[in-house]
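Asks: I have a structure I would like to understand better, so I am pasting it below and will then ask my questions one at a time.
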Amino acid sequence: REHGYTISPGTLYPILHSMEHDGLLEKEERNVSGKIRKYYCTTEKGSEVLVEARKKAFELFKEIKD
């Protein structure tokens, strides 16, 4: 939201499931007040992919800026 995007659950959850399937995220399910809540965290592979994605995004930004 802070960047002006609105993402619906129908968009977000397929992305999270795909990232989990690719080994970038791990999911933990917790029972909170009788409801199952899903918590995601990055795997080591996910962290490495994020570092590379940030580098590429920064390179693109520099090209656009110049």
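The values are calculated or read from the model by the stated rules, or taken from the named source; none is laboratory data. If you're wondering where the values come from, they're calculated on a predicted model, not measured in any experiment. Virtual Cβ from ideal backbone geometry, glycine too; neighbours counted across all protein chains shown.
Asks: Please verify whether Ile7 is touching a Lys or Arg at 6+ places or on another chain (Cβ under 9 Å) and not acidic (Asp, Glu), treating the condition exactly as stated.
Replies: Answer is yes for this residue.
Asks: Return a yes/no flag: does segment 34-46 have any residue that is modelled with pLDDT of 95 or more, surrounded by 10 or more Cβ atoms within 10 Å (Cβ to Cβ) and on the phi > 0 side of the Ramachandran plot.
Replies: no
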